[in-house]
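These notes concern the structure reproduced below.
Every number here is computed from the coordinates shown, using simple stated rules; none is lab data. This structure is a prediction, so every number in the text was calculated from the model and none was measured. Cβ: placed from backbone, ideal geometry, glycine included. Neighbour counts: every protein chain shown.
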Amino acid sequence: MTVDLATLTLPNLALEQQDDGVLIVTLSRPAKRNALNAETVEALVTLFSAVPRAGVRAVVLTAEGAHFCAGLDLVEHHDADRGPADFMHLCLRWHEAFNKMEYGGVPIIAALKGAVVGGGLELASAAHIRIADASTYFALPEGQRGLFTGGGATIRVAGLVGKARMIDMMLTGRVYQGPEAVEVGLAQYLVEGSSLDAAVALARKAARNLPLTNFAICSAISHLGNMSALDAAYAEAVIAGVVNTQPAARERLDAFAKGTAARVRPND
Ligand code: 1HE
């Protein structure tokens, strides 16, 4: 049942597995600004299909070079001269990859830098936490390229920033960066130093939670959001029934009951 990630063939991705269960995934096509060609999308499908069964406790998604991801490989798209059905099927593979990420149950923390644009923003928005640094900027240039989003932006980017802002980004090419990007919801953190260092620190924190708890956080919240409020409330109760009675939680509850567990305090 357990998958050994080292046996997977993953073009344009580099993996580093750390002892504490943190997996660092690096987009490794910097000469093309980590643009997503069909081969890379397949690698993301393969990887994120396996991650939930590989003992990974948290993922950091980062990139080689100055830019996180330039989106759809426009040159491949140009040269392939795809028909509508071909492109629809390609988009379905993007959805397969990004759904595996969002619903897979393993926390994914995106360490952003430089361009996070078009399909690159669709990829980032499938992560559970996004960290921007001073160089990071977000845009949906599809409008200017004569294209439309096809990797889930209408669902995830609109979910983050709202429909009106997404429409503005696409109609006018508006770029968000700095504190404004956090204010509108594109990133949860803006750091002064390296987004990768910050992402690894947060991944280590998340990795200390019980895996079944993280599974619920990183799959149930998204699934429940797709349901009616009535069904979501029912399903939440069922999930809580399983998660909140897991034997592994006993030790943590004992510590609280004995007064030895950390208390929740405001930041200094
Ligand atoms: C690419 C791509 C790409 C760079 N596909 N090859 N995405 C966009 O519209 C973004 C397009 N890219 C850019 O605006 C810029 O390249 C960047 C701001 C990301 C980086 O600028 P810069 O000056 O560092 O690099 P560059 O000189 O523009 O590009 C360097 C190389 O990367 C060059 O290749 P080379 O062989 O000539 O050296 C570029 O062609 C290549 N490159 N970006 C292919 N995107 C499921 S639908 C999703 C819809 C979309 O995502 S639309 C795409 C939106």
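Some notes on this structure:
- Each of the peptides 149-155, 114-120 was scored by the mean count of other Cβ atoms within 10 Å over its residues; in descending order, highest first, they stand as 114-120, 149-155.
- For Lys205, a cut-off of 29 angstrom between C-alpha atoms picks up these lysines, skipping any fewer than 8 places away in its own chain: Lys100, Lys113, Lys258.
- C-alpha long axis of helix 229-243 to longest principal axis of the chain, angle in °: 50 degrees
- Taking label positions 7 Å along the Cα-Cβ direction at both Val242 and Phe148, the computed distance is 3.6 nm, reported to one decimal.
- Ascending count of other beta-carbon atoms within 10 Å, so fewest first, for His128, His78, His223: His78, His223, His128
- Straight-distance crosslink candidates among aspartates and glutamates, where the alpha carbon sits under 14 Å from Lys32 and sequence neighbours closer than 8 are dropped: Glu64, Asp73, Glu76
- When only Cα pairs below 8 angstrom with a gap of at least 6 residues are kept, the stretch 1-139 shows a relative contact order of 25 percent.
- Those residues of the stretch 198-237 whose amide nitrogen sits under 18 Å from the label point placed on Leu8, 7 Å along Cα→Cβ: 215, 218-219
- Neighbour counts of C-beta atoms inside 10 Å place Lys100, Lys163, Lys258 in the sequence Lys258, Lys163, Lys100, starting with the fewest.
- Estimated inter-spin distance, Thr260 and Val175, nm [label 7 Å along Cα→Cβ]: 5.4 nm
- Where only alpha carbons of the stretch 39-135 are counted, the Rg and the Dmax (Å): 13.9, 41
- Pair Ala249, Met1: separation of 7 Å Cα→Cβ label points (nm): 2.0 nm
- Solution diffusion estimate, µm²/s, Stokes-Einstein, the chain, Kirkwood Rh from C-alpha pairs, 10 °C, viscosity 1.306 mPa s: 81 µm²/s
- Debye intensity ratio in log₁₀ form over the Cα atoms of the stretch 191-255, taken at each q of 0.13, 0.15 Å⁻¹: -0.51, -0.64
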